[in-house]
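Engineer: One structure coming up, written as structure tokens, with questions to follow.
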Amino acid sequence: MPTVKDVIVRKPSPQELEVCKSWPIWRCEPSTFDWVYTETETCLILQGKVTVTDGKDSTSFGPGDLVIFPKDLECTWHVHEGVVKHYNFS
């Protein structure tokens, strides 16, 4: 079972940025909610600040970050500032 330690947060390459721009956009106001990833999600954060926790560990990310969530991750999202992101499931 993956944990938050398996979440990858990094800056995208110029090529990745171009690909991300073609993905759908998701928006979320400040909130807290549980989420289970049934697929791997890759997203590019355009706006906002988020902390994701699995009950033991946490990771935070914000504008300009490319974030990869592993399939089967169970976590809680804490959206501190409204989020706008491009996303893709695979």
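Engineer: Could you derive backbone 3J(HN,Hα) for region 17-23 from the dihedral phi with the Karplus parameters 6.51, -1.76 and 1.60 (θ = phi - 60°), listing whole Hz in sequence and x where the residue is Gly or Pro?
Structural biologist: 4, 5, 5, 4, 4, 8, 7
Engineer: Right, something else. When only Cα pairs under 8 Å and 6 or more residues apart are kept, what is the percent relative contact order across the chain?
Structural biologist: Details: 233 pairs, mean separation 40.3, N = 90.
So the answer I get is 45 percent.
Engineer: Simple spin-label model, 7 Å along Cα-to-Cβ: residue 56 to residue 10 in nm?
Structural biologist: Rounded to a tenth, the inter-label distance reads 2.4 nm.
Engineer: Which whole-Hz couplings ³J(HN,Hα) result when phi for each residue of region 2-8 is put into the Karplus expression 6.51 cos²θ - 1.76 cosθ + 1.60, θ = phi - 60°, listed in order with x for Gly and Pro?
Structural biologist: Working through the residues one at a time gives x, 10, 4, 5, 8, 6, 9 Hz.
Engineer: How many nm is it between the label spots at residue 28 and residue 3, if each spot is 7 Å from the Cα in line with the beta carbon?
Structural biologist: 2.2
Engineer: Just to confirm the filter: which trypsin sites (Lys or Arg not before Pro) across region 27-90 are DSSP coil and have at most 14 other Cβ within 10 angstrom of their Cβ?
Structural biologist: Working: sites: 27, 49, 56, 71, 85; in loops: 56, 71.
Qualifying residues, ordered by number: 56, 71.
Engineer: Among the aspartates and glutamates, select those whose C-alpha is under 18 Å from the C-alpha of residue 11, and discard any that sit fewer than 8 residues away in the same chain.
Structural biologist: 41, 65
Engineer: If you don't mind, there's one more thing I want to ask. Straight distance only, please: which lysines reach the Cα of residue 71 with their own Cα at less than 16 Å, same-chain residues fewer than 8 apart left out?
Structural biologist: Qualifying lysines at Cα under 16 Å: 5.
Engineer: If you work out Cα Rg over 2.2 N^0.38 Å from the coordinates, which of [x] 1.00; [y] 1.08; [z] 1.51 do you get?
Structural biologist: [x]
Engineer: Under unit Cβ charges (Lys, Arg +1; Asp, Glu -1), what dipole magnitude, rounded to 20 debye, does region 4-89 have relative to its Cα centre? Walk me through the intermediate numbers first.
Structural biologist: Working: 9 positive and 13 negative charges, 56 e Å.
Here region 4-89 has a charge dipole of around 280 debye.
Engineer: Oh, and also: For residue 18 and residue 81, what is the calculated FRET efficiency with R₀ set at 25 Å and r taken between the beta-carbons, to the nearest 0.05?
Structural biologist: Working: r = 26 Å, r/R0 = 1.03.
Here the calculated transfer efficiency is 0.45.
Engineer: Any idea what the relative contact order of region 21-70 is, in percent, if you count C-alpha pairs under 8 Å spaced at least 6 apart?
Structural biologist: This gives 37 percent for region 21-70.
Values quoted throughout were computed directly from the atomic coordinates according to the rules given, and no laboratory measurement underlies them. Predicted model, so just to flag it, every value in this text is computed and none were measured. Here Cβ is always computed from backbone atoms with ideal geometry, including for glycine, and neighbour counts include all displayed protein chains.
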